[in-house]
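No lab work stands behind these numbers, since they all come straight from the coordinates. In this text the structure is predicted, and so the values were computed from the model without any measurement. Neighbour counts run over all protein chains shown; Cβ positions are idealised from the backbone, glycine included.
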Amino acid sequence: MAVKNVMEIVVSDVLRDSKKQLNLVCDCERCMDDIFADALNNLPPRYIVNPDHQPYVRAVHETDRDGAINVLRVVTQAATLVGKQPRCNHFNKN
Ligand SMILES: [Zn+2]
């Protein structure tokens, strides 16, 4: 199956571009994955079949700018949630 959720690419872009302004408690791989997963769970998926997905990614980014889907808002919420209770080893050593 060659089905891809374009939202994964969009969230990954937003997460990378906005990392500094998110004021992350921890930015290890586990925490970033948790933020990524939580954000995706709160966004409508955009599945495509064609692996040449760049136009779709752009389309989703443009929709986001119009405020229909606020990816950054959802990513920020996810970062806050994960930051309150990080599940990685950095905070769970005892
Ligand atoms: Zn962490």
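Quick notes
- Ordered from longest to shortest, the equivalent ellipsoid semi-axes for the stretch 16-60 are 25, 13, 10 Å, each the square root of 5 times a Cα gyration tensor eigenvalue.
- Hits among aspartates and glutamates - C-alpha to C-alpha of K4 under 16 Å, sequence gap 8 or more where chains match: D13, D52
- Per residue, the chain reaches -17000 deg cm²/dmol at 222 nm when only DSSP H runs of four or more residues are counted, each adding -39500 (n - 2.57).
- With contacts taken as Cα pairs under 8 Å at a separation of at least 6 residues, the chain carries a relative contact order of 47 percent.
- GNM remark for the chain: springs join alpha carbons under 10 Å apart, and the peak mean-square fluctuation among V82, V14, V49 falls on V49.
- For the chain, diffusion coefficient by Stokes-Einstein and Kirkwood Rh (Cα), 4 °C, 1.567 mPa s, µm²/s: 93
- GNM flexibility winner over the chain from V57, V25, V11 (Cα, springs under 10 Å): V25
- Highest-MSF residue in the chain out of N42, N23, N50 [GNM, Cα springs under 10 Å]: N50
- Note on V25 and N5: with the Förster distance fixed at 25 Å, the Cβ-Cβ geometry gives a FRET efficiency of about 0.40.
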